[in-house]
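Engineer: Structure in structure tokens, see below.
Every read-out reported here was derived from the displayed coordinates using simple, explicitly stated rules and does not represent laboratory data. Everything quoted here is computed from the prediction, not taken from an experiment. In this analysis, Cβ positions are derived from the backbone assuming ideal geometry, glycine residues included, and neighbour counts consider all displayed protein chains.
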Amino acid sequence: MPTAPFDFAAFVGDTSKLPRTPEVGLAVERASEADIIIGNVAPSLICASPRLQWIQLGSVGFEEYLAEGVLDPRTLVANGTGAYGPAVAEHSLAMVLSLMKRLPAYHDDQRAHAWADEGMTSSLDGARLT
């Protein structure tokens with residue numbers, strides 16, 4: 001049973017202003033005291049942690065955590081398999097459609113307060129997906 005109080009390694013704040021995942025510094029001492037880790041902590045920080053029972057990764061890849069000496073063989077490793085598939089597929093389709101309609105060029109025009117014809121656009125009507 002975990003005995004340490006629940007806390008976060010770093011305060012993120014307004015996530016809408018983050019261009020990428022922030023680097024979170026985690027001391028070896030804190031990692032070695034953890035019963036559960038949620039997130040992709042560097043394997044070097046958790047090598048053979050005596051208390052770690054479960055690590056929940058935010059990514060699909062987990063091979064580096066299974067390397068010799070990183071985790072106790074009894075430690076549960078869970079990853080993000082399947083968590084991002086639908087979102088990535090939807091985002092890819094949205095990007096293709098935005099390019100077909102030249103939305104990036106029109107967005108640039110709008111920012112420049114310009115009313116310009118960016119040329120012919122494409123349509124999915126009659127298109128074939130391969």
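Engineer: Starting from the amide H of L71, placed 1.01 Å from N in the peptide plane, find each other amide H under 5 Å away whose residue is 5 or more places distant or on another chain.
Structural biologist: A48
Engineer: Which order do peptides 100-107, 57-64 fall in by mean Cβ count within 10 Å, highest first?
Structural biologist: Sorting 100-107, 57-64 by mean packing, highest first, produces 100-107, 57-64.
Engineer: With a sphere of radius 13 Å drawn around the Cβ of S123, what net charge do the other residues whose Cβ falls strictly inside it have (Lys, Arg +1; Asp, Glu -1)?
Structural biologist: +2
Engineer: Please give the per residue volume of the convex hull enclosing the alpha carbon atoms of region 55-130, rounded to a whole number of Å³.
Structural biologist: 154
Engineer: Any idea what the dipole of region 65-117 comes to, in debye rounded to 20, about its Cα centre with Lys/Arg Cβ at +1 and Asp/Glu Cβ at -1?
Structural biologist: 100
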